[in-house]
1. Give me a comma-separated list of calculated 3J(HN,Hα) values for the range A:299-305, in order, Karplus coefficients 6.51, -1.76, 1.60 applied at θ = phi - 60°, integers in Hz, x for any Gly or Pro.
2. Evaluate the relative contact order of chain A (contact order divided by residue number), counting alpha-carbon pairs under 8 angstrom at least 6 apart; express in whole percent.
3. Just to check, using Stokes-Einstein with a Kirkwood Rh over alpha carbon pairs, what's the diffusion coefficient of the range A:97-234 at 4 °C and 1.567 mPa s in µm²/s?
4. If you place +1 on the Cβ of every Lys and Arg and -1 on the Cβ of every Asp and Glu, how big does the dipole about the Cα centre of the range A:210-320 come out, in debye to the nearest 20?
5. Give the average over all directions of the projected area of the C-alpha convex hull of chain A, one decimal, in nm².
6. Along the charge dipole of chain A, Cβ charges K/R +1 and D/E -1, which of A:Pro371, A:Ala56, A:His207 sits furthest on the positive end?
7. Which of the cysteines found in chain A have nothing to pair with, since no other Cys Cβ lies under 4.7 Å from theirs?
8. For the range A:372-383, in order, what is each residue's ³J(HN,Hα) by Karplus, 6.51 cos²θ - 1.76 cosθ + 1.60 with θ = phi - 60°, in whole Hz (x at glycine and Pro)?
Amino acid sequence: MDSNKPARMRFAPSPTGRFHIGSARTALYTYLYARKTGGQFIIRIEDTDQKRFDPAAEDELFESLRWLGLAWDEGPDVGGPSGPYRQSERMAIYQRYASDLVESGHAYYCFCSPERLAEVRKLQQQRKEPPRYVGHCRRLNPAEAADRAAAGEKHVVRFRTSREGRTTAVDLLRGPIEVENSTIDDYILVKSSGMPVYHLAAMVDDHLMGITHVTRGSEWLPTFPLHVMIYEAFGWDQPVWVHLSVLLNPSGKGKLSKRDSSASGGGAHAIFTLDLRELGYLPEAVVNWVSLMGWSFDDHTEFFTMPDLIQAFSLEKLNPSPAAVNFSKLDHFNGLHIRNLAPEDLTKRLLPFFETAGIEISTADLEPVTPLIQKRIRTLDEAVDMAGFFFRPFTTPPVDELIGKGMTAAESAAAARRAAEVVRAHPALEHEPLENALRQLADELGLKAGQLFGILRGAVTGQRVSPPLIETMEILGIDVVLERIENAAKVLENR
RNA sequence: GCCCCCAUCGUCUAGGGGACCAGGACGUAGCCCUUUCAAGGCUAAGACGGGGGUUCGAAUCCCCCUGGGGGCACCA
């Protein structure tokens with residue numbers, strides 16, 4: 001397939017709920033291919049269901065896209081040549097195309113009530129028949145039906161599917177999908193409220209907006225032939241159809257849902273894009289991670305930045321089979337991308353997490369600390385646990401936390417006293433000389449380096465696990481370090 | 001129940017008839033490095049769902065079964 005012609009593509013969410021990683025993936029793939037081919041990435045809001053519309057969802061959607069770095073060329077906020085980009089503002093257009101279909105005989109007015117239809121459906125289910133419209137409105141005299149509709153009788157517009165023959169719909173990833181026309185229902189195209197449903201609105205918009213490649217979820221596969229029929233009824237050329245596989249829960253059982261998402265894969269995880277931001281994930285990592293769920297490049301490359309992805313991406317390598325999300329892999333990618341960041345950049349991104357933890361510090365405060373923790377954290381919020389002691393009021397830990405491994409309190413106290421002297425002798429806290437001197441001291445005391453360092457670590461950081469000791473001391477400064485060691489010695493002596 | 005899609009290690013995948021006693025990544029286990037924790041390096045365990053074909057030869061092609069997923073709305 002040629003990837004040279006600029007592709008005009010759209011991400012068309014319906015703002016009815018929170019923005020999850022499945023939507024993020026669809027948007028990403030759409031974005032990547034549009035960018036790769038030098039085409040356009042368009043946002044269209046599918047808000048024809050007034051009952052489910054949620055303005056907050058729309059805000060979150062844009063915020064998520066921005067956070068991920070998926071900039072759009074056309075959309076409801078920025079406009080563009082194919083506007084409006086909100087379906088609720090395109091009613092007249094759908095109205096017109098629906099009438100065209102009725103006039104050409106491809107659609108008809110149906111006056112059946114929802115209640116009647118529900119009854120029929122129930123009956124069909126009891127008889128184990130496929131639920132479908134069998135009503136007589138299909139056979140109504142078009143002129144009479146038009147009169148009734150014009151007179152204001154409540155009605156919907158239904159598509160008139162052929163009851164014979166077969167329809168072939170071609171999906172880029174799956175090839176031709178052939179179905180018996182008789183298995184396709186006479187779908188409602190326009191509701192009695194005058195609102196179009198997806199089947200009409202999306203087809204009309206994709207055509208009018210010049211969409212060349214349609215990317216959408218595989219939940220549309222069952223109605224895919226219907227969509228092809230609609231295109232044919234209008235006499236339009238079809239776009240390239242690409243149905244993306246669904247994302248499954250970590251267990252691999254069932255479509256990704258909020259319920260099971262935190263069950264496996266380690267720590268606290270979320271399926272909503274913005275929650276991931278809160279949990280300390282980098283957008284770079286989320287993009288990298290999500291890109292690999294259903295797509296691959298070759299047999300060894302997995303680390304990708306956005307520019308890499310744009311270059312490497314191709315629709316053909318998309319995988320039609322469902323993929324289970326793997327949160328531990330997100331952690332892995334997050335670690336990789338954290339390490340890939342320039343230290344100044346990481347510092348900037350870390351700051352908000354300290355603030356959330358109630359630690360008010362400046363860039364200058366954090367800057368020296370960042371290099372010490374960059375290799376040690378997998379999520380941004382871990383930085384607070386790891387390095388919060390640098391900025392929080394300090395209290396000397398209890399004796400038990402200060403005693404060296406396999407040592408008594410008295411021995412530990414003595415070692416701390418001697419270490420204090422060594423530190424005092426190195427007021428600049430230069431790494432090499434200080435470390436050597438401390439190692440020598442350990443030797444003299446008949447201790448392993450780890451035992452001595454352990455005592456000092458507890459004394460200086462108040463933690464069992466911390467960034468490297470000497471570097472930590474350098475940042476803390478000689479006075480603070482000596483004071484803490486002495487306090488620790490006192491605690492140990494008072495045992 | 002009906003329709004559609006999918007099927008390689010626990011998970012994400014490479015593989016598109018011989019280069020595969022199936023390669024990589026995450027996770028897991030062990031070792032090395034090491035002042036803790038990481039990072040890094042090395043090693044190990046771990047898969048072609050089953051049955052028929054086609055072929056000299058099948059993870060790769062076809063059929064059936066099984067399993068999984070999705071859909072059957074005046075929702076998208």
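Read-outs throughout are calculated quantities, based only on the coordinates presented, and are distinct from any laboratory measurement. Predicted model, so just to flag it, every value in this text is computed and none were measured. Cβ atoms come from the backbone with ideal geometry, glycine included; neighbour counts cover every protein chain shown.
1. Per residue, the Karplus-derived 3J(HN,Hα) values read 8, 9, 8, 10, 7, 9, 9 Hz.
2. 12 percent
3. Details: Rh = 16.1 Å.
The calculation lands on 80 µm²/s.
4. Using only the charged Cβ atoms, the result is roughly 460 debye.
5. Quarter of the Cα hull surface area: 30.8 nm².
6. About the Cα centre, the residue reaching furthest to the positive side is A:His207.
7. A:Cys112
8. For the range A:372-383, the Karplus-derived couplings read 6, 10, 4, 7, 9, 10, 10, 10, 4, 5, 5, 4 Hz, x marking Gly and Pro.
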